[in-house]
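The values are calculated or read from the model by the stated rules, or taken from the named source; none is laboratory data. Because the structure is predicted, anything quoted here is derived from the model rather than measured. Note that we place each Cβ from the backbone using ideal geometry, even for glycine, and neighbour counts take in every protein chain shown.
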Number of protein chains: 2
Amino acid sequence: MKAKIIVTPKKAVVDPQGKTVQTALEQMGHRGIKAVHVGKYLEIELDGDKESARKSLDEACHKFLSNPVIEDYKLEIE
Amino acid sequence: MKAKIIVTPKKAVVDPQGKTVQTALEQMGHRGIKAVHVGKYLEIELDGDKESARKSLDEACHKFLSNPVIEDYKLEIE
């Protein structure tokens with residue numbers, strides 16, 4: 001089983017890394033870029049049943065894989 | 001239009017960040033974790049037509065958003 005977690009800064013939070021990538025893309029001649037957000041991607045391979053894995057990882061995301069004050073996360077299990 | 005880019009270390013490359021997250025999850029009592037890979041996630045909002053955006057971003061991914069020697073990337077446009 002594979003879990004995919006995407007952690008992104010909340011929309012209201014300043015994202016200097018995203019801003020830097022946006023500027024760099026513009027300087028390299030890419031046109032029409034309105035916004036860039038940079039986040040983290042985690043891929044976790046694990047055993048066990050799907051529901052308990054989801055519960056356990058959801059708790060891990062909330063507790064230490066993301067900072068819920070400034071970040072959102074999306075957890076997918078497949 | 002929104003482009004989503006996921007950059008992950010190649011399987012053959014040592015991923016110390018993933019290893020650290022794996023150890024931390026185990027120490028927090030999460031069982032059955034076989035592997036963790038940590039990568040980057042980029043979300044780009046842009047104008048223009050889909051095909052030229054794909055071409056332009058594919059080039060950007062290859063040139064400077066990822067390091068093709070040690071990283072793979074996946075580009076999705078929706």
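Given chain B, what strands (runs of 3 or more DSSP E) lie entirely inside it while holding 2 or more residues that are touching a residue at least 12 places away in the same chain (Cβ under 8 Å) and within 8 Å of chain A (Cβ to nearest Cβ)?
Numbers: elements: B:2-9, B:33-46, B:71-77.
Of the strands (runs of 3 or more DSSP E) lying wholly inside chain B, those with at least 2 residues that are touching a residue at least 12 places away in the same chain (Cβ under 8 Å) and within 8 Å of chain A (Cβ to nearest Cβ) span B:2-9, B:33-46.
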A:Val38 is checked against (1) surrounded by fewer than 20 Cβ atoms within 10 Å (Cβ to Cβ); (2) closer than 30 Å to B:Glu26 by Cα; (3) touching a strand residue (DSSP E or B) at 6+ places or on another chain (Cβ under 8 Å) and fails just one. What number does that condition carry? (1)
Filter pass, A:His62 being modelled with pLDDT of 90 or more and either under 11 Å from the mean Cα position of the chain (by Cα) or closer than 13 Å to B:Glu43 by Cβ (or both): no
